[in-house]
1. Which ones in the range 175-218 are closer than 18 Å to A98 by Cα, in contact (Cβ under 8 Å) with a residue 40 or more places away in the chain, out of contact with any Lys or Arg (no Cβ under 7 Å at 6 or more places or on another chain) and away from the ligand (no atom under 13 Å from the Cβ)?
2. All but one of (1) at negative phi; (2) loosely packed, with under 12 Cβ neighbours inside 10 Å; (3) of a type in the set (G, A, S) hold for S173; state the number of the condition that does not hold.
3. Is it the case, given these coordinates, that G154 is away from the ligand (no atom under 14 Å from the Cβ), part of a loop (DSSP other than H, G, I, E, B) and assigned by TED's automatic domain parsing to the domain that holds T64?
4. Would you check if D145 is away from the ligand (no atom under 16 Å from the Cβ), part of a helix (DSSP H, G or I) and closer than 21 Å to H101 by Cβ?
5. Take the residues in the range 62-77 that are at pLDDT 95 or above and among the hydrophobic types (A, V, I, L, M, F, W, C); name whichever of them is farthest from the chain's Cα centre (by Cα).
6. Kindly list the number of the only condition in (1) within 22 Å of the chain's Cα centre (by Cα); (2) loosely packed, with under 15 Cβ neighbours inside 10 Å; (3) assigned to a strand (DSSP E or B) that fails for F163.
7. Among the residues of the range 156-174, how many are under 14 Å from R103 (Cα atoms) and of a type outside the set (A, V, I, L, M, F, W, C)?
8. Please find, within the range 115-141, the residue that is surrounded by the most Cβ atoms within 10 Å (Cβ to Cβ) out of those that are within 18 Å of the chain's Cα centre (by Cα) and closer than 21 Å to L81 by Cβ.
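The values are calculated or read from the model by the stated rules, or taken from the named source; none is laboratory data. Keep in mind that what you see is a predicted model, and the values were worked out from it rather than measured. Positions of Cβ are generated from backbone atoms using ideal geometry, with glycine treated the same way; all protein chains shown enter the neighbour counts.
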Amino acid sequence: MASDGVPAHKKFKAMETEMFQFQNGENITCIYHPTGTRKLYIHYGITSRFRMAMEKKSWKDSYTELQRLVLPPDTNIFNDLYGGRLVEWIDNVAAIVAAKHSRRRTVTGSIDSLFFLSPIHMGDIVHLTGRINYVTRSTMEIEVDVYSEEGLTGEKSFTTTCFLTYVAINQDSRPTEVPGLILETDDEIQRFKQGESRSVARHQNLLEAKKKLTDFSR
Ligand SMILES: CC(C)(COP(=O)(O)OP(=O)(O)OC[C@H]1O[C@@H](n2cnc3c(N)ncnc32)[C@H](O)[C@@H]1OP(=O)(O)O)[C@@H](O)C(=O)NCCC(=O)NCCS
């Protein structure tokens, strides 16, 4: 019994609730307490258990820049950067973004098609930037942009843009929740929508890939 004599469960009934639904499957229930405070609960579907809403984050909280000098061990027999090395650096930048956004263990789920549009030579400086565009319950879409800079002249060439999906996992290696993304500017909203479209296409490809997983284990 509370000090004002009203049992806690009766107070709860007097509270007002409001629910917001988002396209990424996220539902937010807002419970207004009679005292004027409010609490946000996030859930996915009506049957899942409520949990306190994770605080959303800005893409700026995890934005990452990396520069690498292309050295002999990074090159192929033509003294150009080996493609596999660039993929490693791309994955590395994206892993940092995923870690900073989620503060969870994360794994690379997928890398969308990757086009190398201009060669990178030994001695060039490679610039990579990673930013998060889109999130679902447990996944993060991270965009990595790459360009190279000629060491002696400073001339810059665009190399590629690619999108990676990282999945946050718990101690049992099962997908777990990540914070949502703050969407304030038109650019942030646009990127989120584009990420959502790519995610739909990716889901389709994932279903195809998972069929092979089932066939393999038969
Ligand atoms: C990623 C992994 C944890 C997903 O497990 P799962 O049982 O398939 O997960 P679920 O089916 O519950 O899917 C959870 C979410 O992740 C997404 N997802 C799962 N596998 C994915 C993949 N390979 N790529 C992109 N997204 C993926 C699902 O679409 C789903 O997204 P949603 O929240 O938008 O609905 C699991 O496949 C794994 O451990 N893969 C190996 C990852 C790894 O080792 N990477 C390093 C390179 S080998």
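1. Of everything in the range 175-218, those that are closer than 18 Å to A98 by Cα, in contact (Cβ under 8 Å) with a residue 40 or more places away in the chain, out of contact with any Lys or Arg (no Cβ under 7 Å at 6 or more places or on another chain) and away from the ligand (no atom under 13 Å from the Cβ) turn out to be E188, R191, F192.
2. (1)
3. yes
4. Considered against the rule, which asks whether it is away from the ligand (no atom under 16 Å from the Cβ), part of a helix (DSSP H, G or I) and closer than 21 Å to H101 by Cβ, D145 comes out as no.
5. L71
6. (2)
7. Qualifying residue count for the region: 3.
8. G130
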